[in-house]
Amino acid sequence: MTGAATAGSSTEPSGSITGSDVVLEAVGIRKAYRVPSGFLEVLTDVNLRVTRGTIVVILGASGSGKSTLLNILGTLDRPDAGSLRVRGRAVNTGDERATAAFRSRSLGFVFQFHHLLPEFTAEENVMMPLLIAGTTAERARGRARQALIAVGLPERWDHVPAELSGGEAQRVAVARALVAEPELVLADEPSGNLDTRSASALHELVASLAHDRHQTFVVVTHNDRLAALADRVFVLQAGRLEPA
């Protein structure tokens, strides 16, 4: 899908993208870490624009800064310079409480390991973000079941993680990321701990959620099969994003 995202230059992409289509816009993101010899600059000038209902995949060698970038996009870390906007709203502005509230309301996260709470059922795990945000148990349960239906697990809502396969557990993790209806889901190697068959099923699920349900994803991965399903693929190298 041409024009789904741009990187490198902050020049407007070609096509008919409007401001209302843009979910995420990062401009001039820089990040460095102190090391014994001085500072190590991990991100030097990252620019990225992502539009609604697309999958953007970021590739890169180990240590290239992919997870650092994902943490910044997810407001889990702050850049040293640059701006980050989600739906036109500036984030990472310095107010930690406001940033945390924004993160829980507008962003979803999926990691390589599902991190489900073992003593709770799939439904209860998916309910958790809503309960923490103050949603009533009845409403949270209804939305959790809808999210489990969306990921293809309507019959597994009362199973604890030990009773699920690895692929099913990761689907529950995706449902948990979706339950608050976030503007953007950020995923770090979401299929990295799965066998080939389960990974392929997860990839197809992500593609379906993006293209049929208009959910937006930014995914860091080494998986070429997942990258093949993306709307745009970028490589992070020398601190910059470049089209693959």
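Please verify whether LEU229 is over 14 Å from the mean Cα position of the chain (by Cα) and closer than 25 Å to ALA26 by Cα, treating the condition exactly as stated.
For LEU229, the condition - over 14 Å from the mean Cα position of the chain (by Cα) and closer than 25 Å to ALA26 by Cα - is met.
Go through (1) under 19 Å from the mean Cα position of the chain (by Cα); (2) modelled with pLDDT under 95; (3) crowded, with 18+ Cβ neighbours inside 10 Å; (4) of a type in the set (A, V, I, L, M, F, W, C) for LEU76 and report which single condition fails.
It fails just one condition, (3).
For the structure I just gave you, tell me whether VAL218 is buried (at least 16 other Cβ atoms within 10 Å of the Cβ) and over 24 Å from MET127 (Cβ atoms).
Values: buried (at least 16 other Cβ atoms within 10 Å of the Cβ): yes; over 24 Å from MET127 (Cβ atoms): yes.
Yes.
In the stretch 83-112, what residues are crowded, with 18+ Cβ neighbours inside 10 Å and either among the hydroxyl-bearing types (Ser, Thr, Tyr) or at pLDDT 90 or above (or both)?
Once the filter is applied, which keeps residues that are crowded, with 18+ Cβ neighbours inside 10 Å and either among the hydroxyl-bearing types (Ser, Thr, Tyr) or at pLDDT 90 or above (or both), the stretch 83-112 yields LEU84, VAL86, SER106, LEU107, GLY108, PHE109, VAL110.
Starting from the stretch 19-46, keep only residues that are farther than 17 Å from ALA90 by Cβ and touching a residue at least 24 places away in the same chain (Cβ under 8 Å), then list their pairs with residues that are basic (Lys, Arg) and loosely packed, with under 15 Cβ neighbours inside 10 Å whose Cβ atoms are within a distance under 6 Å, requiring at least 6 positions of separation or different chains.
Sorted first by the residue in the stretch 19-46, then by its partner, the list stays empty.
Matching residues to (1) in a strand (DSSP E or B); (2) within 15 Å of the chain's Cα centre (by Cα); (3) more than 24 Å from GLN170 (Cβ to Cβ):
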| residue | (1), (2), (3) |
| --- | --- |
| ASP45 | yes, no, yes |
| VAL57 | yes, yes, no |
| LEU69 | no, yes, no |
| ARG97 | no, no, yes |
| HIS114 | no, yes, no |
| MET127 | no, no, no |
| GLU138 | no, no, yes |
| ARG145 | no, no, no |
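Going through the stretch 147-185 one residue at a time, which ones are surrounded by fewer than 16 Cβ atoms within 10 Å (Cβ to Cβ) and within 13 Å of LEU209 (Cα to Cα)?
ILE149, GLU181
Taking into account only those residues within the stretch 71-80 that are in contact (Cβ under 8 Å) with a residue 40 or more places away in the chain and outside any helix (DSSP H, G or I), which is nearest to LEU205 (Cα to Cα)? Full working, then the answer.
Taking the stretch 71-80 as the starting set, the residues that turn out to be in contact (Cβ under 8 Å) with a residue 40 or more places away in the chain are 72-74, 77, 79-80.
Next cut, outside any helix (DSSP H, G or I) only: 74, 77, 79-80.
Values: GLY74: 22, ASP77: 28, PRO79: 31, ASP80: 35 Å.
Here the residue is GLY74.
Here is a list: GLU123, GLU181. Which entry is over 18 Å from VAL219 (Cα atoms), acidic (Asp, Glu) and without any contact (Cβ under 8 Å) to a residue 40 or more places away in the chain?
That would be GLU123, the only listed residue that is over 18 Å from VAL219 (Cα atoms), acidic (Asp, Glu) and without any contact (Cβ under 8 Å) to a residue 40 or more places away in the chain.
Do the conditions hold for SER83, that is, is it among the hydroxyl-bearing types (Ser, Thr, Tyr) and in a strand (DSSP E or B)? Can you show your working first?
Numbers: among the hydroxyl-bearing types (Ser, Thr, Tyr): yes; in a strand (DSSP E or B): yes.
Yes; evaluated as a whole, the condition is true for this residue.
The values are calculated or read from the model by the stated rules, or taken from the named source; none is laboratory data. Not measured: the values here are computed from a predicted model. Every residue, glycine among them, receives a Cβ derived from its backbone with ideal geometry; neighbour counts consider all protein chains shown.
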